[in-house]
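Everything on this sheet refers to the single structure shown next.
What follows is calculated from the coordinates using simple rules that are stated; it is not laboratory data. Not measured: the values here are computed from a predicted model. Don't worry about glycine lacking a Cβ; one is built from the backbone with ideal geometry, like all the others, and counts go over all protein chains shown.
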Amino acid sequence: MSALKPIADSVLGWCSNLFGTTLSLAKVAIQCRRPATYPKPMHDTCILLGNGPSLRADLEKYASTLCKHSLLCVNGFSLSDAFTDLKPGYYLMLDPAFWESRNSNIESIMQSITTKTNWTLHLYLPHAAKGTDNMKLLSTNPHIVIHYFNYIVYKGFSGLGNTLFRLGWAAPQCQNVLVAAIFIAVNAGHKNVVLLGADHSWHENIIVKDDNVVYTKEVHFYDNLEQCRFIPFPKDLNTSETRTMDDLFLAWSKVFKGYFMLKKYATSRGSEIFNASAKSYIDAFSRTTLDDPRWK
């Protein structure tokens, strides 16, 4: 029986890919809209600025190096002074909270982007964000160029997936915004994509209290650490139901799996992804530092 197991696994894997491909193509046929456009990159290297705590020290240490490359920031980066100091050319938001929510934190982020940006900023969001009030606010700033991309998750045979990714008709599963950021940076034509601030150390900041509820403490490089508190982890934007521990680790496993998928996709595009984060749990990419002569 053990001799048949590899054959059985191969057949099951092929069947799973066939089912995933069929379902994904159906979604593309129904949901696909005009793909995002990309300006010709000014640099071969794009540095992705994750918002992990380790970014704080790296921004101070490598300020002169960062200015020599394309920069892509995500989510709440506009709340930091680094936003106007570095003037990144790319910004990406993926979570529906950024166009569906009206909470004070989201409003602060949107106001910051709108009022602070006095340079050309290419902002990438899924098509689902188009036409919302927050996008109308951002559109009032003529320096902000909004691009909408198809976030239609593809699962199936990798060769066809890479073609759909390149055409902008589909995307890998982006359980974390940095997965989407790498995808956009590669599709924009950058030969090298370098991660900073990609700590991904969320598991260090979770606890289960006596009420058996999972609490998490989100910490970003721009946060006042004294104000960071453990709060229940909601399942999604519009519910008070909280995630269980198995929910969390399942979601996080999808994040790391997405990086390995992107590594293969980048190779098919002639790009390479590096991780220069001072602290990081990502194991998919070659490690580097911005002290490396390649980035000087």
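Descriptive notes on the structure:
- Amide H partners (placed H, <5 Å) of HIS43, local residues excluded: SER70
- The slack between THR244 and LYS191, meaning 0.36 nm per residue of separation minus the straight C-alpha distance, is 15.1 nm.
- In a fully extended conformation the segment linking TRP119 and ASN205 would gain 27.3 nm over its present Cα-Cα distance, using 0.36 nm per residue.
- Note that segment 53-66 has calculated 3J(HN,Hα) couplings of x, 5, 5, 4, 5, 5, 5, 6, 6, 10, 4, 5, 6, 4 Hz, one per residue in order, obtained from phi through the Karplus relation 6.51 cos²θ - 1.76 cosθ + 1.60 (θ = phi - 60°); glycine and proline are x.
- Label point distance in nm, CYS67-TRP252, each placed 7 Å from Cα along Cα→Cβ: 3.8
- Segments 78-90, 280-292, 185-197 sorted - mean Cβ within 10 Å per residue, highest first: 185-197, 78-90, 280-292
- Sequence-distant residues sharing a close amide H with TYR124 (under 5 Å, placed H): TYR91, LEU92, MET93, HIS147
- Gap separating the Cα centres of segment 22-78 and segment 141-160, nearest whole Å: 12
- Among the helices of the chain, those built from whole DSSP H runs whose Cα atoms reach 18 Å or more along their own axis and whose mean Kyte-Doolittle hydropathy is at least -1.0 are 5-31, 245-268.
- Set of aspartates and glutamates with alpha-carbon distance to LYS191 below 14 Å, sequence-local pairs under 8 removed: ASP44, GLU272
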